[in-house]
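No lab work stands behind these numbers, since they all come straight from the coordinates. Everything numeric in this text was worked out from a predicted model, so none of it was measured. Virtual Cβ from ideal backbone geometry, glycine too; neighbours counted across all protein chains shown.
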Amino acid sequence: MVDLSSSPAFSWKCPACGRRVPSKVPTCRCGHELDADQAARLSAPPVEDAVATPEPGENNIAGTVVAVIMALVAIGGAVYWMNSHRRDTVTSEVAIPVGVDPDDDRKVPRPARVVNVEAAAQPAAQPASAPILVVPAATPAPVPMPTPPPMPATGASLEDIIGSAMLAVVRVETSGGSGSGFFIKPDTILTNVHVVGSNLLVTIRRQDGNTQSARVETTAPELDIAVLRISSADGNQPTLRLGSVTQARPGQEVMALGSPLGLQNTVTRGIVSAVRQVGALTLVQTDAAINPGNSGGPLLGRHGDVIGITTMGIGSAVAQGLSFAVAIDHAQALLAGQRPANATGTPLTTLNQAMNAQSFSSDSDTRRSQGTQTYQRTIGAIARRADELDGRWITFKKSCYDGRVVGAFEREWFALWEARAMPGLVSPACGAIFTDVRRIADDIRAAVIAAEEAARQADVYPGTRRDVLRTYHLDYSGWGR
């Protein structure tokens, strides 16, 4: 507490010694007494005297205290005003009064304002209908950014599926040839039995050209499935996922991967033509192009899962786009130690037996096939007569013909029907021999023409007829003249 007795407004100055004496004390220490004028002034001091500027050299402690108090009051008021009006410093400045439903559209009392307790120690009174919600002045922790929801799953492109699957497909090489195979585990490969043959070790060639030896662990000829193992497996080796033929539907898109004719990393595309049960064997029929070297490769569904192991393609003049894969379900059962009880032979022999048990030919195909066989037998018989005439011709040319034969013929006596092919002279003594040679040649010509007409009516292809004639050395462009 500051003593104000030394202030000019509450004391008198002794004229004798210059000391300040409290107004309640009429006598100074030096013995001088308060006179009447000083007593009158002290009894009723003017207002300005209370705050009058002290004389030089006098103690100014009281004035300083008053100024400090006024400054503190001003600062407090300013701080309070700033906290009351600075609405952008609080994340949620307006709070819903306690007990009020925020979804109620009716008029509600004015929301309470959030006040910082450190910024305003003595907040002004608020109406009872808007209680003050007091929050601590601590800095709020940063709110983590929400994790965005995952993008909706979209189907991978066909190119991506094939590109990934190719890394798991290998070329299987043996001393007798090559085929295809694919990894289902980092140390396990599936292929065909007819690819590995009787070998105990084979070579696998990856997409990047690296090679490695693999051991033939299991073979099932009745399924045409072989399981290979490698000793030093790569943990990062891509593998293919095994599906099931039970999910395959006719018309479903499929891809065949492998090394047809030694061309590694080849893919062909088609559909599932049918799923066929042939005895104890399930085969996936497809129109995807399958060539030698594709054997043992995977037949993939649209999502990259293996539904079959490519095993054969059938191609001929009457069958195109007819290929088969052994259902992958057989491979899964084989890996589990199970084998079909009633399966015999191979998938190819089993399929051939099933196909031979049915008639796949139309009436025109049957007529053409029979006509071709008849034509071959007829031309064969004619060729035997032509061989006999070859001997007679050699004797005739040596003894009865003076000159040369112009032109190149399959059989030299074909020159009998060419006007300028025999410019020489026939000996008059050999007239009978020449007539006999010419008669036999004309008979052969007539037989060939008749056989050609019969084959044409049976719809035997011209190329087939030409091949038969070449086989029996009877190919001559003048048969029809």
With each label point set 7 Å from Cα along the Cα-Cβ vector, what nm distance links Thr366 and Val68? 12.9
Residues whose modelled amide H sits under 5 Å from the amide H of Met312, counting only those 5 or more places away in sequence or on another chain, are Phe324
Calculate, in nm to one decimal, what Ala421 and Ala274 gain on full extension: separation in residues at 0.36 nm each, minus their alpha carbon distance. 46.8 nm
If Lys and Arg each add +1 and Asp and Glu each add -1, what is the summed charge of the other residues whose beta carbon sits under 11 Å from the beta carbon of Ser259? +1
Fewest first, what order do Glu222, Glu33, Glu418 take by the number of other Cβ atoms within 10 Å? Glu33, Glu418, Glu222
What residues have an amide H closer than 5 Å to that of Val275, excluding those fewer than 5 places away on the same chain, when H is modeled at 1.01 Å from N in the peptide plane? Gln285
By count of other Cβ within 10 Å, fewest leading, how are Tyr461, Tyr80 ordered? Tyr461, Tyr80
Under the Karplus relation 6.51 cos²θ - 1.76 cosθ + 1.60, θ = phi - 60°, what is the ordered set of whole-Hz ³J(HN,Hα) values for region 329-338, x standing for Gly and Pro? 4, 5, 5, 5, 5, 5, 5, 8, x, 10
Rounded FRET efficiency, nearest 0.05, which uses the C-beta distance separating Gln237 from Arg377 and R0 of 41 Å: 0.10
Amide N of region 443-481 lying under 17 Å from the label point, which is placed 7 angstrom from the Cα of Arg385 along Cα→Cβ: 443-455, 469, 472-476, 479-481
Rank these for me by crowding, Phe414, Phe409, Phe396, going from fewest to most other beta carbons within 10 Å. Phe409, Phe396, Phe414
With no solvent and one equal point scatterer placed on each C-alpha of region 363-481, evaluate the Debye formula and give log10 I(q)/I(0) for q = 0.16, 0.17, 0.22 Å⁻¹, two decimals. -0.76, -0.83, -1.21
How high is the relative contact order of region 393-452, in percent, with contacts defined as C-alpha pairs under 8 Å that are six or more residues apart? 33
Could you sort 436-445, 384-393 so that the peptide with the highest average Cβ count within 10 Å comes first and the rest follow in order? 436-445, 384-393
Let me make sure I get this right: for region 158-356, a, b and c are the square roots of the gyration tensor eigenvalues over alpha carbons, sorted descending. Under 1.5 in a/c it's rounded, otherwise prolate if a/b > b/c, else oblate. Which is it? rounded
